[in-house]
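What follows is a single structure, written as structure tokens, with notes after it.
The values are calculated or read from the model by the stated rules, or taken from the named source; none is laboratory data. Just so we're clear, the structure is a prediction, and the values are computed from it rather than from any experiment. Glycine also receives a Cβ, built like all others from the backbone with ideal geometry; neighbour counts cover every protein chain displayed. SASA here: full protein model, heavy atoms, side chains in, ligands and nucleic acids out. Shrake-Rupley method; radii C 1.70, N 1.55, O 1.52, S 1.80 Å.
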Amino acid sequence: MSDKDAKELIDYFKALVVDGKLDQAPPEKFIQNPDFLELDKTIKSLRNPDRKLKEGRERLESLFQIRDTSEIRRLKEEISRISITDKLTQLYNRQKIDEILEIEMDRSERTKRPFAVMLFNIDLLKMVNETYGNQSGDAVLVECANMIKETIRSTDSVGRWNGEEFLILLPETDKNGARLLAEKLRARIDDYSFTKVGKMTASFGISAYKKDLLPASIVARADSALRQAKEKGRNQIEIC
């Protein structure tokens, strides 16, 4: 083999092995050489897996990149959900329900449509905590929260207002409509047997929007109605 042929052969195999040019056509002068063809086939068979591995790795990296982006989005959504959710009851927390209250009051003022709020709590829950422990009291709140979610409309909003109180916001609802919902909840709670503690009751205070300047005003009337329900023997509904 001449030096020229040798150099041409070396350049060809260098292109295969180093540069990865596997599609490069072999020099015509060597095509009929069985030894060359066998060596050419062997080198290409060794290099092909490397190329496939590289391509597979690139596809995998692309997949992980997409997955990472999806995971980040999912984590952001979860953080956002947690920031507005009461840890115990999984209802809206005080901050979020305050925000929705302002929105609904503005909507009612703008559209002149009715809007009502309902404030209620479980009667004698403090006694449950003292008798059975705080965990049992927490379980009552959770079971009550589940009943609320199953009873209210999709357009209503509910949040844990204070430790033992729930606030329900009722757009497109006047005081009579709010009373009907309160009675439905009151009866359901009265009929229900809570885990470990058994029968419990609830008292309700309702107020309707009256061009209140501040959210605190409409809630204060509902709170006043709730106190009246307690004073009248509990397990009742009052409107203020």
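A few remarks follow.
- Taking 7 Å steps out from each Cα toward its Cβ at residue 107 and residue 155 produces label points 0.8 nm apart.
- Counted charge near residue 227, where neighbours are those whose Cβ lies closer than 14 Å (Asp, Glu -1; Lys, Arg +1): -2
- The range 218-235 - phi-based ³J(HN,Hα) in whole Hz, Karplus 6.51/-1.76/1.60, Gly and Pro as x: 5, 6, 4, 5, 5, 5, 5, 5, 5, 4, 4, 4, 5, 5, 8, x, 6, 6
- C-alpha center-to-center spacing [the range 144-175, the range 97-112] in angstrom: 15
- Per atom type, the range 104-240 shows carbon and sulfur on 50% of its accessible surface, probed at 1.4 Å.
- Using the Karplus relation 6.51 cos²θ - 1.76 cosθ + 1.60 with θ = phi - 60°, the per-residue 3J(HN,Hα) values for the range 199-204 come to 6, 9, 10, 9, 10, 10 Hz, with x marking Gly and Pro.
- Summed over the residues of the range 109-240 and divided among them, the accessible surface reaches 49 Å² per residue at a probe radius of 1.4 Å.
- Stretchable slack from residue 196 to residue 211, in nm (0.36 nm times residue separation minus alpha-carbon distance): 1.0 nm
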